[in-house]
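Before any comments, here is the structure.
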Amino acid sequence: MQLTIVEYPDKRLKNKSKEIKNFDAELHKLLDAMHPFMIETNGIGLAAIQVNYPIRALILNIPNEDGEQPPENLLEVINPVITAKSGETSYQEGCLSVPKFYEDVTRYEKITLHYQDRYGNTKTLEADDLLAIALQHEIDHLEGILFIDHLSYSRRKKFEKEYKRMLKERKQKK
Ligand code: QAP
Ligand code: CO
């Protein structure tokens, strides 16, 4: 299964992802392809919509203290709902769909999540630190929201200018 990343400003990233009802082989095939794709592209989190599947699925593989991403730490999250949130924290975020840009985003520090695994089993997760931040970032994707949508007006303008310049330079190289 060959996946390709959908990059900003592609309008497909703005779509709202659909609830998953069939926890079938097709879903498993997609999840099985997303994981190596995310590792190869140096990602720690990936929502299905970023590889052009607008369904409510995301994966996370948060690096450990040694910066490794052991496959047993892979988290597959289907149909997530945040049921509790508290505190505030800020982190310099990036996104595979917005390559080479990193900006501080404020998020909830702790969240409680209800979701399903790849078999449709219901799960609850309490998350803080980078896991909570990454979950909020990925759940935003399911609503068509990118981390740059959280920037202040002036930061966003600065981003648009720099990003357009980068896209232009990339084009010239081809
Ligand atoms: C979302 O982001 C995230 O610009 C996952 O050139 C971000 O995996 C969660 C990446 C921050 C928590 C904190 C970005 C790879 C990967 C790039 C990513 C790039 C190559 C971003
Ligand atoms: Co992202």
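The values are calculated or read from the model by the stated rules, or taken from the named source; none is laboratory data. Keep in mind the model is a prediction, meaning the values are calculated, not measured. In this analysis, Cβ positions are derived from the backbone assuming ideal geometry, glycine residues included, and neighbour counts consider all displayed protein chains.
A few notes on this one:
- Scope the range 78-133; condition within 13 Å of ligand 1 (Cβ to nearest atom), among the β-branched types (Val, Ile, Thr) and either under 14 Å from Leu60 (Cα atoms) or modelled with pLDDT under 95 (or both); matching residues: Ile133
- Pairs where the first residue, in the range 147-174, is assigned to a helix (DSSP H, G or I) and the second is β-branched (Val, Ile, Thr), C-beta under 7 Å, 6+ apart: Phe147/Val105; Ile148/Val98; His150/Val105; Arg156/Ile148; Phe159/Ile148
- The single condition among (1) of a type in the set (Lys, Arg); (2) closer than 30 Å to Lys161 by Cβ; (3) within 15 Å of the chain's Cα centre (by Cα) that Arg56 does not satisfy is (2).
- Residue list for the range 1-57, restricted to those being of a type in the set (Phe, Trp, Tyr) and part of a loop (DSSP other than H, G, I, E, B): Tyr8, Phe23, Tyr53
- Of all residues in the range 11-20 being out of contact with any Lys or Arg (no Cβ under 6 Å at 6 or more places or on another chain) and in contact (Cβ under 8 Å) with a residue 40 or more places away in the chain, the one that is surrounded by the most Cβ atoms within 10 Å (Cβ to Cβ): Leu13
- The range 90-113 - residue that is part of a loop (DSSP other than H, G, I, E, B) and in contact with a strand residue (DSSP E or B) (Cβ under 7 Å, 6 or more places away or on another chain) and, of those, farthest from Glu19 (Cα to Cα): Tyr102
- Residue match in the range 38-45 (condition: touching a Pro at 6+ places or on another chain (Cβ under 7 Å), of a type in the set (A, V, I, L, M, F, W, C) and closer than 23 Å to Ile148 by Cβ): yes
- Some residue of the range 114-127 being exposed (fewer than 13 other Cβ atoms within 10 Å of the Cβ) and either at positive phi or assigned to a helix (DSSP H, G or I) (or both): no
- Applying the condition of being of a type in the set (S, T, N, Q) and without any contact (Cβ under 8 Å) to a residue 40 or more places away in the chain to the range 88-110 and asking which residue is surrounded by the fewest Cβ atoms within 10 Å (Cβ to Cβ) yields Gln92.
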